[in-house]
Amino acid sequence: MRAKRATLKSIASELGVTPTSVSNAYNNPAKVSKALRDRIIAHARAVNYDGPNPTARSLRTGRCGAIGVLFNDQLSYAFTDAHDITFLRGISTVCEEEGANLVLIPLKDKHPEQRDTLTAIVDGYILNAPYKNHPTIRQALARGLPTVVVDFDAPDLASVQTNDREMMREVVGHLLGLGHRNLAIVTFPRSEDHGEIFSLAHDFPDDSHVVHERIAGCRDALDAAGVEQAGVLVCETINSEEGGQRAAERLLGRRPDLTALICFSDRLARGAIAHCEAHDLAVPGRISVTGFDGLDPPGRPPEMSRLTTVRQNAFEKGRRAAEILLREDASVGRFGVEAELVIGDTSAEAWKMRDA
C-alpha cells in the first residue's frame, strides 16, 4: 500500500499547530518564531513534505498566499460589528485550513493613498457588500484576479447573496398584518454620502446592492397591500446604535404619528429602541421596531427584549465565499444563503391590541 502523502493540514495536525502556522513557516517566516519554524521544517523534511503547493488550490496565482477582503467602513468596524465579526470568522476558518492569510481593506480610511499597496499584495478578493462605484472596488475588479462578491450584484463574478428582498417583504407584511400604516425606514447609507430623509417613492441609486434590494422588498409589500410609498419616510444614517438613535429622533420629530420603524440592521434597531424608551415611547405598545441580522451583541443582558429581526447566516456567507475562492472555480454563479424572519418582543400583538 502506498504511503499517504503528507500535506499542510497533516503536518499541522501532527505538530499540534494551525495550518496557518505551517504555511507561514514557508511563506511568511517573520510571522512565526524561529523555534517553531525550525520545528515545522524539520518535521516536514522527515515526512518528505516540500512545502505548500501554490497550484493545489483553485486560487492559482500562488504569489502572496493572501486574499483581500474589501468592506464599506473603517477598519475598526470589522472588529465591532457583530455581522462582520461573524462573517470574517467564516472566511478565516477556510483560510486556516488552506494556509491562506487575510488582508482587510476598508473603503473608508484616512489614508486612501495606501489602498494601492494593500490591493497589490493579495492573490484574490472577497468583496463584502461594497459600493460598486467606489474607486477601490473598480481598481480591484480591473486587476482581473479571482474574485467572489458577497451581497453585491456582479453578473460576471461568483456571488454569495442573502434573500434580502424576500425577507423585507416578510418584515413589512408582518407589520402591516398588525395594523401598522404609519411606517418609516432607517437604513445605512445607499451610497458613500448619507444623512438624508426622503420618501420611499424617491428614485434610489443601486450603488449599494443591499440597500437597493431591501428597499425593493419594502416597496413590494406596500404595493401588495395598497399602501402609498410616498407616505413612508426613509432616513439614512451610519450603521451604529448612535446612528439608529439619531434617525429615530429625526423621523419621530417629523412624524410623531409613526407607529413602526423598519431598521436595516440590528444595530440601528437597538439605537432606535433606546431613543423610544428614553422618550417614554413603549416598544411595542406604542411603536414597533424591527431589525436585520439576527446576531445578539456581545454581553447582551438576558432581560433585553428579543428583537424582531431577519436572522441571516453571516458565518455561512463568509465560509462559502472563501470556499469558492480557495477551493473551487471562482467563475460566474450565484450561491444563495437563506435568511429567516424571527418574530420577537419588539413587534407583537401588544400593539395590535393596544386599544382593545
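The values are calculated or read from the model by the stated rules, or taken from the named source; none is laboratory data. Because the structure is predicted, anything quoted here is derived from the model rather than measured. Here the Cβ positions follow ideal geometry from the backbone for every residue, glycine too, while neighbour counts run over all protein chains shown.
I'm trying to understand the selection: among the residues of the stretch 215-255, which are among the basic types (Lys, Arg) and more than 23 Å from Val283 (Cα to Cα)?
Residues of the stretch 215-255 that are among the basic types (Lys, Arg), as a first pass: 219, 246, 250, 254-255.
Once the filter is applied, which keeps residues that are among the basic types (Lys, Arg) and more than 23 Å from Val283 (Cα to Cα), the stretch 215-255 yields only Arg219.
List the pairs whose first member sits in the stretch 42-53 and is within 16 Å of Pro29 (Cα to Cα) and modelled with pLDDT of 85 or more, whose second member is charged (D, E, K, R) and assigned to a loop (DSSP other than H, G, I, E, B), and whose Cβ atoms are under 8 Å apart, counting only residues at least 6 apart or on separate chains?
Listed by first residue and then by second, the contacts come to Ala44/Asp50.
What about Glu170, is it assigned to a helix (DSSP H, G or I) and under 18 Å from the mean Cα position of the chain (by Cα)?
no
Would you call Ser331 among the hydroxyl-bearing types (Ser, Thr, Tyr), in contact with a Gly (Cβ under 9 Å, 6 or more places away or on another chain), in a loop (DSSP other than H, G, I, E, B) and modelled with pLDDT under 90?
Taking the combined requirement at face value, the residue does not satisfy it.
Surrounded by 14 or more Cβ atoms within 10 Å (Cβ to Cβ), modelled with pLDDT under 85 and farther than 30 Å from Leu268 by Cβ: does that describe Tyr77? Break it down stepwise before answering.
Numbers: surrounded by 14 or more Cβ atoms within 10 Å (Cβ to Cβ): yes; modelled with pLDDT under 85: yes; farther than 30 Å from Leu268 by Cβ: no.
Answer is no for this residue.
Per-residue answers, yes or no, for (1) assigned to a helix (DSSP H, G or I); (2) hydrophobic (A, V, I, L, M, F, W, C); (3) at pLDDT 90 or above:
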| residue | (1), (2), (3) |
| --- | --- |
| His180 | no, no, yes |
| Ala184 | no, yes, yes |
| His194 | no, no, no |
| Ala201 | no, yes, yes |
| Pro205 | no, no, no |
| Val211 | yes, yes, yes |
| Ala216 | yes, yes, yes |
